[in-house]
Amino acid sequence: MWCSNDYLGMGQHPAVLAAMQEALQAVGAGAGGTRNISGNSHVHLLLERELADLHRREAALIFTSGYVANDAALSTLARELPGMAVVSDALNHASMIAGIRNGRAEKHIFRHNDPDDLARLLEQVAPDRPKLVCFESVYSMDGDIAPIGAIVDVADRFGAMTYLDEVHAVGLYGRRGGGIAEDQGVMHRPTVIQGTLGKAFGTIGGYVAGSAALVDFLRSHAPGFIFTTSLPPALAAGALAAIRHLKTSQIERQRHQERAATLKRRLTEAGLPVMPSPSHIVPVMVGDPRLCKSACDELLHRHHIYVQPINYPTVPRGTERLRLTPTPLHTDEDIDALVTALSDVWVRLPAA
């Protein structure tokens with residue numbers, strides 16, 4: 001398996017499994033309702049406190065997925081604040097795009113990771129209007145990293161709030177796993193930090209962290225929070241155990257970075273078209289949807305290696321690729337097998 005978003009293998013970690021088993025036996029399989037009625041439990045509150053502490057914020061609010069967190073939070077902020085103008089990075093995730101669209105506020109799109117273009121667009125918005133700048137820290141298809149401080153500098157200059165999606169960075173970067181913002185020393189600056197429990201933390205769920213007033217506002221107004229069944233307590237307990245472990249353990253993060261660097265080096269040495277990436281994402285360019293699917297089929301059926309093709313609309317046409325995600329659990333032998341298999345498949349795809 002070379003395409004999982006269980007980046008650190010925490011979905012198999014003994015502490016996570018034990019916490020989930022204990023909660024499952026104690027309270028059963030389901031939450032039993034929405035958070036506002038019968039689906040609220042002590043473990044949900046503990047998880048939110050742990051997430052708030054992770055990002056050094058006053059409060060956090062958990063949702064049933066990272067997608068729902070983005071959709072619910074962004075649509076609510078865009079819809080409920082009169083006169084809102086939203087300015088969004090051109091490569092933001094589909095969940096952010098959905099939330100902004102559903103909020104039906106005025107929308108502007110700035111060039112990817114370009115603070116100057118962001119400033120150009122913010123200059124066009126009346127100074128007295130509320131403004132929200134939305135961007136990610138690690139972009140999951142190219143693996144590039146946002147200049148968070150520079151983007152927040154521009155937003156601050158124009159009195160705009162900032163909404164940072166750290167989905168592909170929480171647990172993976174920073175001294176305690178707080179993400180790229182922690183790693184860059186700017187975690188205190190974004191207005192809202194959004195993250196997921198379904199990648200580095202190995203379970204499922206999403207969340208936002210911010211001021212107590214902002215979180216209470218979303219709790220009171222976001223339909224994606226109010227009208228859906230709460231996360232099962234066992235999943236919340238597993239996520240809580242993963243976060244607590246990764247706040248203190250550096251072993252998984254260090255091994256993860258070493259595995260990613262080793263895989264990039266080995267692919268480059270083999271002459272395979274690995275795209276440069278400063279993060280743990282390892283994209284291998286194919287550039288054709290048919291060949292991308294064929295490469296994945298060959299890897300599975302001839303080499304017993306599972307990778308899924310990344311095609312349009314996830315990436316633009318002509319940039320179809322394999323997206324490799326090494327984990328601390330991948331061995332040198334696993335990497336050897338992957339590089340050998342890819343080299344074999346590539347000579348069978350002459351147009352690649």
_Alpha-carbon radius of gyration plus Dmax, which is the widest Cα pair, for segment 74-188 in Å_ = 13.6, 39
*Which of the residue pairs LYS107/LYS293; LYS199/LYS293; LYS107/LYS199; LYS107/LYS247 have a Cα-Cα distance greater than 31 Å in the structure shown?*
LYS107/LYS293; LYS107/LYS247
*In a shell of Cβ-Cβ distance under 15 Å around ALA209, excluding ALA209 itself, what net charge do Lys and Arg (+1) and Asp and Glu (-1) give?*
-1
*Determine the gain in length on full extension of the stretch GLU80-ARG111; use 0.36 nm per residue of separation and subtract their C-alpha separation, reporting nm with one decimal.*
8.5 nm
_In whole Å, what are the extents of segment 162-209 along the principal axes defined by its C-alpha atoms, from largest to smallest?_
27, 21, 12
*Taking amide H positions as placed in the peptide plane 1.01 Å from N, state which residues far from THR34 in sequence (5 or more) or on other chains have amide H under 5 Å from it.*
GLY39, SER230
*asked:* Leaving out ligands and nucleic acids, and using a 1.4 Å probe, what accessible area per residue does segment 176-290 come to in Å²?
replied: 36 Å²
*Just for the Cα atoms in segment 251-337, what are the lengths along the principal axes, largest first, rounded to whole Å?*
38, 29, 22
*To the nearest 0.05, what FRET efficiency results for ALA29 and ARG290 with a Förster distance of 45 Å applied to their C-beta separation?*
0.60
*How much of the accessible area of the chain, in percent, comes from carbon and sulfur atoms when a 1.4 Å probe is used?*
54 percent
*Separation of segment 188-245 and segment 117-137 by C-alpha centroid, Å?*
26 Å
*asked:* Only sites in a loop by DSSP and with at most 14 other Cβ atoms within 10 Å count here; which trypsin sites (Lys or Arg not before Pro) in segment 157-240 make the cut?
replied: ARG175
*Using 1/(1 + (r/R0)^6) with R0 = 35 angstrom and r between the beta carbons of ASP153 and VAL339, what's the FRET efficiency to the nearest 0.05?*
0.25
*Please state the charge dipole magnitude for segment 274-352, taken about the Cα centre, from unit charges on C-beta atoms (+1 on K and R, -1 on D and E), reported in debye and rounded to the nearest 20.*
420 debye
_Along the Cα→Cβ direction, 7 angstrom out, place labels at HIS188 and ARG302. What is the inter-label distance in nm?_
5.6 nm
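The values are calculated or read from the model by the stated rules, or taken from the named source; none is laboratory data. Everything numeric in this text was worked out from a predicted model, so none of it was measured. Here Cβ is always computed from backbone atoms with ideal geometry, including for glycine, and neighbour counts include all displayed protein chains. The protein model used for the area step is the full one, side chains on, heavy atoms only, and it has no ligands, DNA or RNA in it. Shrake-Rupley method; radii C 1.70, N 1.55, O 1.52, S 1.80 Å.
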